[in-house]
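Here's the structure, in C-alpha coordinates; my notes come after.
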Amino acid sequence: MPKTALITGITGQDGSYLAEFLLREGYTVHGIVRRSSTFSTERLDHIYQDPHDAGARLFLHYGDLLDGNGLNQVLATSDPDEVYNLGAQSHVRVSFDQPLFTADVVATGCLRLLEAIRNRQQASGKQIRFYQAGSSEMYGATAPPQTEATPFHPRSPYAAAKVAAHWYTVNYRESYDMFACNGILFNHESPRRGETFVTRKITRALGRIVHGLQDKLFLGNLDAKRDWGFAGDYVRAMWLMLQQDAPDDYVVATGTSWSVREFLEQAFAVVDKSWQDYVEFDPRYLRPAEVDHLHGDSSKAQQQLGWKPEVDFKALVAMMVEHDLEMGRKERILADAG
Ligand code: NDP
Ligand code: GDR
(Lines give C-alpha, C1' and ligand atoms only; values in the text may rest on other atoms or scores of the structure.)
(Ligands and ions follow the chains in the order given, each with its own letter.)
Protein backbone atom coordinates (compact mmCIF):
# COMPACT_ATOMS: atom_id res chain seq x y z
CA MET A 1 0.00 0.00 0.00
CA PRO A 2 1.40 3.46 -0.85
CA LYS A 3 2.06 5.40 2.36
CA THR A 4 1.08 8.89 3.47
CA ALA A 5 3.42 11.31 5.26
CA LEU A 6 2.83 14.63 6.99
CA ILE A 7 5.72 17.11 7.19
CA THR A 8 5.92 20.19 9.43
CA GLY A 9 8.46 22.69 8.10
CA ILE A 10 7.88 21.53 4.50
CA THR A 11 8.77 25.00 3.15
CA GLY A 12 12.26 24.85 4.73
CA GLN A 13 15.50 23.43 3.34
CA ASP A 14 15.01 19.90 4.69
CA GLY A 15 11.24 19.90 4.15
CA SER A 16 11.71 20.46 0.43
CA TYR A 17 14.32 17.68 0.06
CA LEU A 18 12.24 15.29 2.17
CA ALA A 19 9.05 16.00 0.21
CA GLU A 20 10.94 15.37 -3.05
CA PHE A 21 12.38 12.12 -1.67
CA LEU A 22 9.05 10.80 -0.37
CA LEU A 23 7.23 11.63 -3.62
CA ARG A 24 9.90 9.64 -5.47
CA GLU A 25 9.27 6.75 -3.05
CA GLY A 26 5.58 6.77 -4.03
CA TYR A 27 4.22 8.51 -0.93
CA THR A 28 1.33 10.93 -0.75
CA VAL A 29 2.82 13.95 1.02
CA HIS A 30 0.98 16.50 3.15
CA GLY A 31 2.76 19.58 4.44
CA ILE A 32 1.96 22.24 7.00
CA VAL A 33 2.53 25.80 5.83
CA ARG A 34 2.36 28.95 7.97
CA ARG A 35 0.10 31.65 6.62
CA SER A 36 2.10 34.74 5.65
CA SER A 37 1.44 37.79 3.49
CA THR A 38 3.95 36.62 0.89
CA PHE A 39 4.46 33.15 -0.57
CA SER A 40 6.85 30.93 1.41
CA THR A 41 6.70 27.94 -0.93
CA GLU A 42 9.57 28.88 -3.29
CA ARG A 43 11.57 25.75 -2.36
CA LEU A 44 8.57 23.62 -3.38
CA ASP A 45 7.79 25.29 -6.71
CA HIS A 46 9.48 22.55 -8.75
CA ILE A 47 7.40 19.77 -7.14
CA TYR A 48 4.13 21.68 -6.71
CA GLN A 49 1.06 19.78 -7.85
CA ASP A 50 -2.37 21.31 -8.38
CA PRO A 51 -4.60 19.52 -5.82
CA HIS A 52 -7.43 19.59 -8.39
CA ASP A 53 -5.46 17.29 -10.68
CA ALA A 54 -6.36 13.61 -10.54
CA GLY A 55 -3.31 11.79 -9.24
CA ALA A 56 -1.97 14.75 -7.22
CA ARG A 57 0.15 13.47 -4.30
CA LEU A 58 1.35 16.72 -2.69
CA PHE A 59 -1.07 18.65 -0.50
CA LEU A 60 -0.40 21.77 1.59
CA HIS A 61 -2.41 22.80 4.66
CA TYR A 62 -2.30 25.99 6.69
CA GLY A 63 -1.14 25.27 10.23
CA ASP A 64 1.35 26.20 12.92
CA LEU A 65 3.18 24.36 15.69
CA LEU A 66 1.81 27.03 18.04
CA ASP A 67 -1.77 25.92 17.28
CA GLY A 68 -2.61 22.50 18.77
CA ASN A 69 -6.19 22.52 17.53
CA GLY A 70 -5.00 23.08 13.97
CA LEU A 71 -2.55 20.18 14.31
CA ASN A 72 -5.42 17.88 15.36
CA GLN A 73 -7.37 18.94 12.30
CA VAL A 74 -4.51 18.45 9.83
CA LEU A 75 -3.82 14.99 11.29
CA ALA A 76 -7.48 14.03 10.86
CA THR A 77 -7.59 15.37 7.28
CA SER A 78 -4.31 13.86 6.11
CA ASP A 79 -4.49 10.54 8.06
CA PRO A 80 -0.68 9.95 7.86
CA ASP A 81 1.34 6.79 8.45
CA GLU A 82 4.43 8.89 9.22
CA VAL A 83 4.91 12.39 10.65
CA TYR A 84 8.18 14.30 10.25
CA ASN A 85 8.52 17.25 12.64
CA LEU A 86 10.93 19.60 10.86
CA GLY A 87 9.21 22.90 11.75
CA ALA A 88 11.32 25.21 13.92
CA GLN A 89 12.69 28.68 14.53
CA SER A 90 15.98 27.13 13.51
CA HIS A 91 18.47 30.01 13.73
CA VAL A 92 20.74 29.71 16.79
CA ARG A 93 21.71 33.42 16.91
CA VAL A 94 18.07 34.53 16.54
CA SER A 95 17.07 32.26 19.44
CA PHE A 96 18.98 34.59 21.79
CA ASP A 97 16.78 37.48 20.54
CA GLN A 98 13.54 35.45 20.66
CA PRO A 99 14.04 32.82 23.38
CA LEU A 100 10.39 32.45 24.43
CA PHE A 101 9.09 32.21 20.88
CA THR A 102 11.82 29.71 20.02
CA ALA A 103 10.96 27.54 23.04
CA ASP A 104 7.27 27.67 22.20
CA VAL A 105 7.77 26.53 18.59
CA VAL A 106 10.67 24.11 19.08
CA ALA A 107 9.98 22.51 22.47
CA THR A 108 6.26 22.97 23.17
CA GLY A 109 5.50 22.70 19.45
CA CYS A 110 6.96 19.19 19.46
CA LEU A 111 4.90 18.35 22.56
CA ARG A 112 1.71 19.69 20.95
CA LEU A 113 2.36 17.49 17.93
CA LEU A 114 3.07 14.39 20.05
CA GLU A 115 -0.19 14.95 21.95
CA ALA A 116 -2.12 15.42 18.71
CA ILE A 117 -0.62 12.18 17.34
CA ARG A 118 -1.39 10.28 20.54
CA ASN A 119 -5.02 11.43 20.39
CA ARG A 120 -5.28 10.61 16.71
CA GLN A 121 -3.85 7.10 17.24
CA GLN A 122 -6.38 6.48 20.03
CA ALA A 123 -9.28 7.67 17.89
CA SER A 124 -8.30 5.83 14.70
CA GLY A 125 -6.55 2.74 16.09
CA LYS A 126 -3.82 3.25 13.45
CA GLN A 127 -0.12 3.57 14.33
CA ILE A 128 1.61 6.81 13.31
CA ARG A 129 5.41 6.79 13.16
CA PHE A 130 7.05 10.03 14.35
CA TYR A 131 10.39 11.66 13.48
CA GLN A 132 11.76 14.53 15.60
CA ALA A 133 14.41 16.79 14.03
CA GLY A 134 17.01 16.87 16.78
CA SER A 135 20.29 18.73 16.45
CA SER A 136 24.01 18.45 17.17
CA GLU A 137 23.55 21.83 18.90
CA MET A 138 22.19 19.77 21.82
CA TYR A 139 25.79 18.66 22.53
CA GLY A 140 26.93 22.29 22.64
CA ALA A 141 29.89 22.44 25.00
CA THR A 142 30.53 18.68 25.16
CA ALA A 143 33.84 17.68 23.57
CA PRO A 144 33.89 15.84 20.22
CA PRO A 145 33.44 13.27 18.80
CA GLN A 146 29.75 13.15 19.71
CA THR A 147 27.71 9.92 19.65
CA GLU A 148 24.22 8.90 20.83
CA ALA A 149 25.78 8.28 24.30
CA THR A 150 27.38 11.75 24.62
CA PRO A 151 25.73 13.96 27.28
CA PHE A 152 23.90 17.10 26.13
CA HIS A 153 25.15 20.54 27.19
CA PRO A 154 23.09 23.06 25.18
CA ARG A 155 24.51 26.56 24.70
CA SER A 156 21.53 28.52 23.33
CA PRO A 157 17.76 28.84 23.84
CA TYR A 158 17.38 26.96 20.53
CA ALA A 159 19.57 24.08 21.69
CA ALA A 160 17.88 23.88 25.11
CA ALA A 161 14.49 23.75 23.38
CA LYS A 162 15.74 20.93 21.10
CA VAL A 163 16.90 19.00 24.20
CA ALA A 164 13.39 19.35 25.67
CA ALA A 165 11.86 18.13 22.39
CA HIS A 166 14.31 15.20 22.36
CA TRP A 167 13.20 14.08 25.83
CA TYR A 168 9.49 14.64 25.09
CA THR A 169 9.95 12.26 22.17
CA VAL A 170 11.75 9.65 24.30
CA ASN A 171 9.09 10.05 26.99
CA TYR A 172 6.19 9.46 24.59
CA ARG A 173 7.98 6.39 23.23
CA GLU A 174 8.46 4.97 26.74
CA SER A 175 5.09 6.06 28.19
CA TYR A 176 2.72 5.32 25.33
CA ASP A 177 4.69 2.81 23.27
CA MET A 178 4.74 5.26 20.37
CA PHE A 179 6.99 4.67 17.37
CA ALA A 180 8.92 7.90 17.95
CA CYS A 181 12.52 8.52 16.80
CA ASN A 182 15.02 11.32 17.37
CA GLY A 183 17.44 12.08 14.58
CA ILE A 184 20.43 13.95 15.99
CA LEU A 185 21.56 15.61 12.80
CA PHE A 186 24.78 17.57 12.45
CA ASN A 187 24.85 20.67 10.21
CA HIS A 188 23.67 19.98 6.69
CA GLU A 189 23.67 22.48 3.88
CA SER A 190 22.70 22.84 0.21
CA PRO A 191 21.92 25.47 -2.40
CA ARG A 192 18.52 25.70 -0.64
CA ARG A 193 20.07 26.60 2.74
CA GLY A 194 18.62 29.77 4.35
CA GLU A 195 20.76 32.76 3.39
CA THR A 196 21.64 33.81 6.96
CA PHE A 197 23.34 30.52 7.92
CA VAL A 198 27.09 30.92 7.57
CA THR A 199 27.76 28.55 4.64
CA ARG A 200 25.08 30.04 2.40
CA LYS A 201 25.90 33.56 3.56
CA ILE A 202 29.44 32.93 2.29
CA THR A 203 28.54 31.32 -1.05
CA ARG A 204 25.79 33.86 -1.74
CA ALA A 205 28.19 36.74 -1.06
CA LEU A 206 30.84 35.09 -3.23
CA GLY A 207 28.42 34.86 -6.17
CA ARG A 208 27.67 38.57 -5.81
CA ILE A 209 31.34 39.52 -5.37
CA VAL A 210 32.31 37.73 -8.59
CA HIS A 211 29.61 39.63 -10.48
CA GLY A 212 30.54 43.01 -9.01
CA LEU A 213 27.42 43.37 -6.88
CA GLN A 214 29.13 43.39 -3.45
CA ASP A 215 32.67 43.93 -2.18
CA LYS A 216 32.50 43.11 1.53
CA LEU A 217 31.28 40.18 3.62
CA PHE A 218 30.79 40.71 7.37
CA LEU A 219 31.15 37.63 9.58
CA GLY A 220 31.59 36.74 13.26
CA ASN A 221 33.60 33.86 14.74
CA LEU A 222 35.71 32.10 12.08
CA ASP A 223 37.20 29.53 14.49
CA ALA A 224 34.04 27.50 15.16
CA LYS A 225 34.20 23.99 13.67
CA ARG A 226 31.23 22.14 12.23
CA ASP A 227 30.57 18.71 10.73
CA TRP A 228 28.97 19.87 7.46
CA GLY A 229 27.06 17.42 5.24
CA PHE A 230 24.60 17.65 2.33
CA ALA A 231 20.88 18.03 3.19
CA GLY A 232 19.85 15.67 0.38
CA ASP A 233 21.79 12.85 2.06
CA TYR A 234 20.35 13.60 5.49
CA VAL A 235 16.64 13.37 4.63
CA ARG A 236 17.28 9.78 3.50
CA ALA A 237 18.44 9.00 7.06
CA MET A 238 15.23 10.50 8.51
CA TRP A 239 13.13 8.19 6.35
CA LEU A 240 15.28 5.13 7.11
CA MET A 241 14.73 5.65 10.87
CA LEU A 242 10.96 5.28 10.40
CA GLN A 243 11.35 2.08 8.29
CA GLN A 244 13.02 0.05 11.09
CA ASP A 245 11.33 -2.64 13.21
CA ALA A 246 11.73 -0.61 16.40
CA PRO A 247 12.03 3.12 17.16
CA ASP A 248 15.42 4.49 18.24
CA ASP A 249 17.64 7.60 18.21
CA TYR A 250 20.51 8.10 15.73
CA VAL A 251 23.37 10.52 15.12
CA VAL A 252 23.66 11.56 11.46
CA ALA A 253 26.98 13.16 10.51
CA THR A 254 29.87 12.92 8.05
CA GLY A 255 32.57 12.29 10.69
CA THR A 256 34.69 15.20 9.48
CA SER A 257 34.81 18.78 10.73
CA TRP A 258 36.01 22.08 9.33
CA SER A 259 36.25 25.64 10.65
CA VAL A 260 34.31 28.56 9.20
CA ARG A 261 37.72 29.84 8.03
CA GLU A 262 38.31 26.57 6.14
CA PHE A 263 34.88 26.87 4.52
CA LEU A 264 35.86 30.38 3.35
CA GLU A 265 39.17 29.11 1.97
CA GLN A 266 37.51 26.26 0.10
CA ALA A 267 34.74 28.47 -1.34
CA PHE A 268 36.96 31.34 -2.50
CA ALA A 269 39.46 28.86 -3.99
CA VAL A 270 36.74 27.71 -6.43
CA VAL A 271 36.93 31.14 -8.12
CA ASP A 272 40.64 31.64 -7.46
CA LYS A 273 40.15 34.54 -5.05
CA SER A 274 41.50 35.24 -1.59
CA TRP A 275 38.80 35.57 1.09
CA GLN A 276 41.02 37.91 3.14
CA ASP A 277 40.43 40.63 0.52
CA TYR A 278 36.69 40.68 1.21
CA VAL A 279 35.84 39.42 4.70
CA GLU A 280 35.49 41.79 7.68
CA PHE A 281 34.66 41.08 11.30
CA ASP A 282 31.36 42.29 12.78
CA PRO A 283 30.72 41.54 16.48
CA ARG A 284 26.96 41.50 15.90
CA TYR A 285 27.38 37.98 14.49
CA LEU A 286 28.95 36.65 17.69
CA ARG A 287 26.75 34.63 20.04
CA PRO A 288 26.46 35.13 23.83
CA ALA A 289 27.62 31.52 24.16
CA GLU A 290 29.35 29.77 21.24
CA VAL A 291 29.55 26.10 20.28
CA ASP A 292 33.20 25.53 19.40
CA HIS A 293 33.48 22.10 17.87
CA LEU A 294 30.92 19.61 16.57
CA HIS A 295 32.16 16.38 15.00
CA GLY A 296 29.75 13.48 14.85
CA ASP A 297 30.22 9.73 14.95
CA SER A 298 27.40 8.17 12.92
CA SER A 299 28.59 4.54 13.26
CA LYS A 300 25.21 3.45 14.65
CA ALA A 301 23.27 4.93 11.69
CA GLN A 302 25.77 3.41 9.27
CA GLN A 303 25.49 -0.06 10.83
CA GLN A 304 21.79 -0.21 11.70
CA LEU A 305 20.26 1.94 8.96
CA GLY A 306 22.81 1.21 6.23
CA TRP A 307 23.10 5.00 5.78
CA LYS A 308 26.19 6.84 4.65
CA PRO A 309 26.78 10.33 3.26
CA GLU A 310 27.42 10.54 -0.47
CA VAL A 311 28.52 14.18 -0.85
CA ASP A 312 31.79 15.20 0.86
CA PHE A 313 32.81 18.64 2.11
CA LYS A 314 34.66 19.70 -1.04
CA ALA A 315 31.80 18.64 -3.33
CA LEU A 316 29.26 20.35 -1.05
CA VAL A 317 31.13 23.67 -1.14
CA ALA A 318 31.55 23.44 -4.92
CA MET A 319 27.83 22.67 -5.38
CA MET A 320 26.81 25.71 -3.32
CA VAL A 321 29.34 28.03 -4.99
CA GLU A 322 28.28 26.95 -8.51
CA HIS A 323 24.63 27.56 -7.65
CA ASP A 324 25.28 31.00 -6.18
CA LEU A 325 27.57 32.06 -9.03
CA GLU A 326 24.61 31.45 -11.31
CA MET A 327 22.32 33.44 -8.98
CA GLY A 328 24.86 36.28 -9.01
CA ARG A 329 24.98 36.17 -12.81
CA LYS A 330 21.19 36.48 -13.07
CA GLU A 331 21.11 39.29 -10.51
CA ARG A 332 23.76 41.15 -12.54
CA ILE A 333 21.68 40.84 -15.72
CA LEU A 334 18.64 42.26 -13.92
CA ALA A 335 20.69 45.09 -12.42
CA ASP A 336 22.17 45.96 -15.83
CA ALA A 337 18.71 45.95 -17.42
CA GLY A 338 17.58 48.55 -14.84
P1 NDP B 1 14.63 25.90 7.97
O2 NDP B 1 14.83 27.07 8.86
O3 NDP B 1 15.09 25.97 6.54
O4 NDP B 1 13.07 25.52 7.94
C5 NDP B 1 12.28 25.59 9.08
C6 NDP B 1 10.85 25.29 8.72
O7 NDP B 1 10.04 25.41 9.90
C8 NDP B 1 10.24 26.25 7.69
O9 NDP B 1 9.38 25.53 6.84
C10 NDP B 1 9.43 27.20 8.56
O11 NDP B 1 8.37 27.82 7.89
C12 NDP B 1 8.91 26.21 9.59
N13 NDP B 1 8.40 26.85 10.81
C14 NDP B 1 8.94 27.86 11.52
N15 NDP B 1 8.14 28.18 12.55
C16 NDP B 1 7.07 27.36 12.49
C17 NDP B 1 5.88 27.23 13.25
N18 NDP B 1 5.63 28.02 14.29
N19 NDP B 1 4.99 26.28 12.90
C20 NDP B 1 5.21 25.48 11.81
N21 NDP B 1 6.30 25.58 11.03
C22 NDP B 1 7.23 26.49 11.38
O23 NDP B 1 15.30 24.65 8.71
P24 NDP B 1 16.00 23.34 8.08
O25 NDP B 1 15.19 22.85 6.96
O26 NDP B 1 17.43 23.62 7.90
O27 NDP B 1 15.91 22.33 9.31
C28 NDP B 1 14.78 21.47 9.49
C29 NDP B 1 14.69 21.04 10.95
O30 NDP B 1 15.90 20.36 11.31
C31 NDP B 1 14.56 22.17 11.95
O32 NDP B 1 13.78 21.70 13.02
C33 NDP B 1 15.98 22.43 12.42
O34 NDP B 1 15.99 23.00 13.71
C35 NDP B 1 16.52 21.01 12.41
N36 NDP B 1 17.94 20.85 12.20
C37 NDP B 1 18.54 21.41 11.09
C38 NDP B 1 19.87 21.19 10.84
C39 NDP B 1 20.56 21.79 9.66
O40 NDP B 1 21.81 21.79 9.64
N41 NDP B 1 19.84 22.27 8.63
C42 NDP B 1 20.69 20.32 11.73
C43 NDP B 1 19.93 19.76 12.83
C44 NDP B 1 18.61 20.02 13.04
P45 NDP B 1 8.57 29.24 7.09
O46 NDP B 1 9.09 28.86 5.73
O47 NDP B 1 7.20 29.79 7.07
O48 NDP B 1 9.55 30.05 7.88
P1 GDR C 1 24.65 26.70 13.50
O2 GDR C 1 24.77 27.31 12.03
O3 GDR C 1 24.61 27.74 14.54
O4 GDR C 1 25.71 25.65 13.60
O5 GDR C 1 23.19 26.04 13.47
P6 GDR C 1 25.25 28.73 11.50
O7 GDR C 1 25.57 28.53 10.07
O8 GDR C 1 24.29 29.81 11.86
O9 GDR C 1 26.62 28.99 12.34
C10 GDR C 1 27.74 28.13 12.22
C11 GDR C 1 28.94 28.79 12.86
O12 GDR C 1 29.35 29.92 12.08
C13 GDR C 1 29.65 31.00 12.95
N14 GDR C 1 29.50 32.28 12.24
C15 GDR C 1 28.36 32.77 11.72
N16 GDR C 1 27.12 32.26 11.68
C17 GDR C 1 26.16 33.00 11.04
N18 GDR C 1 24.91 32.49 10.95
N19 GDR C 1 26.41 34.22 10.48
C20 GDR C 1 27.67 34.77 10.52
O21 GDR C 1 27.88 35.87 10.02
C22 GDR C 1 28.71 34.01 11.16
N23 GDR C 1 30.03 34.23 11.36
C24 GDR C 1 30.51 33.17 12.00
C25 GDR C 1 28.65 30.83 14.10
O26 GDR C 1 29.08 31.58 15.23
C27 GDR C 1 28.68 29.32 14.28
O28 GDR C 1 29.73 28.96 15.12
C29 GDR C 1 22.73 25.30 12.33
C30 GDR C 1 21.21 25.48 12.24
O31 GDR C 1 20.78 24.90 11.04
C32 GDR C 1 20.52 24.78 13.39
O33 GDR C 1 19.11 24.81 13.18
C34 GDR C 1 21.00 23.33 13.45
O35 GDR C 1 20.38 22.69 14.54
C36 GDR C 1 22.50 23.29 13.58
O37 GDR C 1 23.08 23.94 12.47
C38 GDR C 1 23.03 21.86 13.63
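The values are calculated or read from the model by the stated rules, or taken from the named source; none is laboratory data. Note that the structure is predicted; figures quoted are calculated from it, not measured. As a convention, Cβ positions derive from the backbone with ideal geometry for all residues, glycine included, and neighbour counts pool all protein chains shown. The accessibility values were calculated without ligands, DNA or RNA, using every heavy atom of the protein model including side chains. Shrake-Rupley method; radii C 1.70, N 1.55, O 1.52, S 1.80 Å.
Miscellaneous remarks
- Test: residue in segment 29-37 that is within 16 Å of ligand 2 (Cβ to nearest atom), in contact (Cβ under 8 Å) with a residue 12 or more places away in the chain and surrounded by 15 or more Cβ atoms within 10 Å (Cβ to Cβ): no
- Once segment 272-289 is narrowed to residues that are in contact with a Gly (Cβ under 9 Å, 6 or more places away or on another chain) and assigned to a loop (DSSP other than H, G, I, E, B), the residue that is farthest from A180 (Cα to Cα) is D282.
- Consider segment 83-95 and keep the residues that are open to solvent by 30 Å² or more (accessible area, probe 1.4 Å) and within 12 Å of Y285 (Cβ to Cβ). The one that is farthest from ligand 1 (Cβ to nearest atom) is R93.
- Only residues that are away from ligand 1 (no atom under 14 Å from the Cβ) and either surrounded by 17 or more Cβ atoms within 10 Å (Cβ to Cβ) or touching a residue at least 40 places away in the same chain (Cβ under 8 Å) (or both) were counted across segment 48-74, and they come to 3.
- The set of residues in segment 4-36 being in a loop (DSSP other than H, G, I, E, B), within 12 Å of ligand 1 (Cβ to nearest atom) and out of contact with any Phe, Trp or Tyr (no Cβ under 7 Å at 6 or more places or on another chain) consists of G9, I10, T11, G12, R34, S36.
- Screening D81, D14 for residues that are charged (D, E, K, R) and within 16 Å of ligand 2 (Cβ to nearest atom) leaves exactly one candidate, D14.
- From the options P80, P51, residue that is farther than 24 Å from A237 by Cβ and either part of a loop (DSSP other than H, G, I, E, B) or in contact with a helix residue (DSSP H, G or I) (Cβ under 9 Å, 6 or more places away or on another chain) (or both): P51
- Residue selection: Y278 fails the criterion of being under 18 Å from I202 (Cβ atoms), open to solvent by 70 Å² or more (accessible area, probe 1.4 Å) and in contact (Cβ under 8 Å) with a residue 24 or more places away in the chain.
- Among the residues of segment 197-243, the ones that are without any contact (Cβ under 8 Å) to a residue 60 or more places away in the chain and either among the aliphatic types (A, V, I, L, M) or within 15 Å of ligand 1 (Cβ to nearest atom) (or both) come to 2 in all.
- Candidate set from segment 197-211 (those that are farther than 15 Å from F263 by Cβ and open to solvent by 20 Å² or more (accessible area, probe 1.4 Å)); member that is farthest from ligand 2 (Cβ to nearest atom): H211
- Some residue of segment 176-192 being open to solvent by 40 Å² or more (accessible area, probe 1.4 Å) and within 14 Å of ligand 1 (Cβ to nearest atom): yes
- Candidates A141, A160: the one that is open to solvent by 20 Å² or more (accessible area, probe 1.4 Å), part of a helix (DSSP H, G or I) and within 16 Å of ligand 2 (Cβ to nearest atom) is A160.
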